[in-house]
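Trainee: Got a structure here, written out as structure tokens. Questions coming.
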Amino acid sequence: MPVKTSCAAILCLLACHAAHGGDAAFDVTAPAQQSSVASTEPATTATAPAPTLPPATDDAAHAPFDPKGFSLDFRPQIWLPAVTGTVGVGNTTADVDAGFIDIVQNTDSVIGLSGRLTLDYDRFEAYTDLTWIRIGFDKFTAPSGVQFRTTMSLMISDACVAYQLIPPTRDARGQPGPKLAPYVGARIFWANTQVDGTNASFSDSASSVWAEPIFGWMWDTPFADTWRLTTSADVGGFAVNTGLTWQATAMVGLDVPFYGNPSTVSLGIRAISDDYTANDLTLDAVLWGPIIAWCLRF
């Protein structure tokens, strides 16, 4: 009986040891298998992070504006002039001192349509300016007592080249920096004047084309971040075809973007004078008045 009891106890101990050893073997190998699986998962599912790009800026948007490269400016303008001086045909002339309102009452077209096209490269600049206007004057009396009305159509065109004394620059918006430039060129006139009697049946007209050399300067400078001042003045003639011709313009402008391009809206005053008497045509007058301009830069 004791022997049977001892054998049974030994068998129980061996069974418990075997059971414990099997569990241990399972417990040891299972984590190893799990860790190997876990260690392989990231290698198959991880992806490289996407590169971060800097946000677009206005500087990048206006990168094409090279201050030393080619640029093109187009400036349409509206001019509302008054006239002071003498105009007429042959011996039928009139001393005129007509404001804008007086001219509006006596003509079907008083607004001067004007435009300027400018090509820049580095410090060099070439531009052409064209102005068309039709104005009328009424209630004049000749020395003979004949009353007449005068209508004048006038085209003025400038063609000039300039050199910038200040190195050209552009800001982040593409707007140009300060500019001081002397220029030289020619001013071309075409004029047609007609006189019609109001208390007598007569009519006469004369037309002429002439050109004058001119030289002058232009000054353009930004201020207060988005504003700029633009001025220009010239003189010419020198008895080539007239006694004297001159021009002066001063404008204050606001820089504004226009579909990704820099532009400036300006308001100011413009005056042009010429002294011409030939081919039965007399034009010795000053045309002056407010001007509105919009400059687009490309």
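Okay, residues lined up against (1) assigned to a strand (DSSP E or B); (2) without any contact (Cβ under 8 Å) to a residue 40 or more places away in the chain:
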| residue | (1), (2) |
| --- | --- |
| Ala200 | no, no |
| Asp204 | yes, no |
| Pro222 | yes, no |
| Thr230 | yes, yes |
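Trainee: Restricting to the stretch 232-248, give me the number of residues that are within 22 Å of the chain's Cα centre (by Cα) and either more than 17 Å from Ala186 (Cβ to Cβ) or surrounded by fewer than 18 Cβ atoms within 10 Å (Cβ to Cβ) (or both).
Mentor: Filtering the stretch 232-248 down to residues within 22 Å of the chain's Cα centre (by Cα) leaves 232-233, 248.
In the following step, the residues that additionally are either more than 17 Å from Ala186 (Cβ to Cβ) or surrounded by fewer than 18 Cβ atoms within 10 Å (Cβ to Cβ) (or both) were identified as 233, 248.
Here the count works out to 2.
Trainee: Moving to a separate point now. Is it the case, given these coordinates, that Phe215 is out of contact with any Ser or Thr (no Cβ under 6 Å at 6 or more places or on another chain) and surrounded by fewer than 14 Cβ atoms within 10 Å (Cβ to Cβ)? So that I can check it myself, show each step before the final result.
Mentor: Numbers: out of contact with any Ser or Thr (no Cβ under 6 Å at 6 or more places or on another chain): yes; surrounded by fewer than 14 Cβ atoms within 10 Å (Cβ to Cβ): yes.
Here the answer is yes, as Phe215 does meet what is asked.
Trainee: Condition first: closer than 18 Å to Ile188 by Cα and of a type outside the set (Phe, Trp, Tyr). Now tell me which residues in the stretch 209-231 satisfy that.
Mentor: Applying the first criterion (closer than 18 Å to Ile188 by Cα) to the stretch 209-231 yields 209-216.
Scanning the stretch 209-231 gives Val209, Ala211, Glu212, Pro213, Ile214, Gly216.
Trainee: Right, next: Would you mind telling me which numbered condition in (1) assigned to a strand (DSSP E or B); (2) modelled with pLDDT under 95 Gly268 fails?
Mentor: The number of the failed condition is (2).
Trainee: With respect to Ile135, determine if the residue is modelled with pLDDT under 90, hydrophobic (A, V, I, L, M, F, W, C) and farther than 20 Å from Thr264 by Cβ. Spell out the reasoning first.
Mentor: Details: modelled with pLDDT under 90: yes; hydrophobic (A, V, I, L, M, F, W, C): yes; farther than 20 Å from Thr264 by Cβ: yes.
Yes.
Trainee: Restricting attention to the stretch 145-165, and to residues there that are surrounded by 14 or more Cβ atoms within 10 Å (Cβ to Cβ) and assigned to a loop (DSSP other than H, G, I, E, B), which single residue is modelled with the lowest pLDDT?
Mentor: For the stretch 145-165, the residue satisfying everything is Val146.
Trainee: OK, next. Can you tell me which residue in the stretch 249-277 is surrounded by the most Cβ atoms within 10 Å (Cβ to Cβ), limited to those that are in contact with an Asp or Glu (Cβ under 8 Å, 6 or more places away or on another chain) and under 15 Å from Gln77 (Cα atoms)? Can you show your working first?
Mentor: In the first step, residues of the stretch 249-277 are kept if they are in contact with an Asp or Glu (Cβ under 8 Å, 6 or more places away or on another chain); the result is 262-264, 274-277.
Imposing the further condition that a residue be under 15 Å from Gln77 (Cα atoms) reduces the set to 263-264.
Working: Ser263: 21, Thr264: 26.
Here the answer is Thr264.
Trainee: On the given criteria, is Ala172 aliphatic (A, V, I, L, M), out of contact with any strand residue (DSSP E or B) (no Cβ under 9 Å at 6 or more places or on another chain) and without any contact (Cβ under 8 Å) to a residue 12 or more places away in the chain? Walk me through how you get there before you give the answer.
Mentor: Numbers: aliphatic (A, V, I, L, M): yes; out of contact with any strand residue (DSSP E or B) (no Cβ under 9 Å at 6 or more places or on another chain): yes; without any contact (Cβ under 8 Å) to a residue 12 or more places away in the chain: no.
Judged against the criteria, Ala172 is not a match.
Trainee: Pairs, please: C-beta under 7 Å, at least 6 apart or cross-chain, first residue not assigned by TED's automatic domain parsing to the domain that holds Leu113 and in the stretch 258-273, second loosely packed, with under 14 Cβ neighbours inside 10 Å?
Mentor: none
Trainee: Now for a different question. Please identify the pairs in which a residue from the stretch 114-136 that is under 11 Å from Phe70 (Cα atoms) has its Cβ atom under 7 Å from the Cβ atom of a residue that is surrounded by 15 or more Cβ atoms within 10 Å (Cβ to Cβ) and polar (S, T, N, Q), counting only partners at least 6 apart or on another chain.
Mentor: Hits for this filter: Asp120/Ser71; Arg123/Gln164; Glu125/Thr118; Glu125/Gln164.
The values are calculated or read from the model by the stated rules, or taken from the named source; none is laboratory data. What you see is a predicted model, and the numbers here were worked out from it, not measured in a lab. Methodologically, a virtual Cβ is constructed for each residue, glycine included, from the backbone with ideal geometry; neighbour enumeration extends over all protein chains shown.
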